[in-house]
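Everything on this sheet refers to the single structure shown next.
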Amino acid sequence: ITLDVAVAAFREQGFDTGKSELTVDKIKRIVADYYGLTVTQMNSKSRTKNIATARHVAMYLCRKLIDASYKDIGRSFGKRDHSTVMHSIEKIQYELETNDNLRNNIEIIKKKITKIKLK
């Protein structure tokens, strides 16, 4: 038995192995907290601007930070189609070119994610 096998076995049983792996769910929680929302709100079909923006930012970060597939991201955000995820990410990329406030928000969120990742 190797250390990797033992760690994997503990993870499967739900034990914390000391390493904090970044997941779509962790990114969703951090983004939801930042925007003062719940993960349920971000998963909802709501098109309210603040909810949609938070959802788009979370999708963007999932793609950029952990290279999650469009399909996996969509499934995690209320069973959305991969093309919806692609559109959300493209929208954020476009907004980042001109929107300093959004760029600052994403940098702050990335720092929070980095703190979680290093723990």
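Evaluating 6.51 cos²θ - 1.76 cosθ + 1.60 at θ = phi - 60° for every residue in region 84-89, the Karplus couplings come out as 5, 5, 4, 4, 4, 5 Hz, glycine and proline recorded as x.
Stretching the chain fully between Asp81 and Thr38 yields a gain of 13.3 nm (0.36 nm per residue, less the alpha carbon separation). Here's how it looks for Arg80: its modeled amide H is under 5 Å from those of Arg75, which are all 5 or more places away or on a different chain.
Values in this text are rule-based calculations from the coordinates and carry no lab data. Note that the structure is a prediction, hence the values are computed from the model and not measured.
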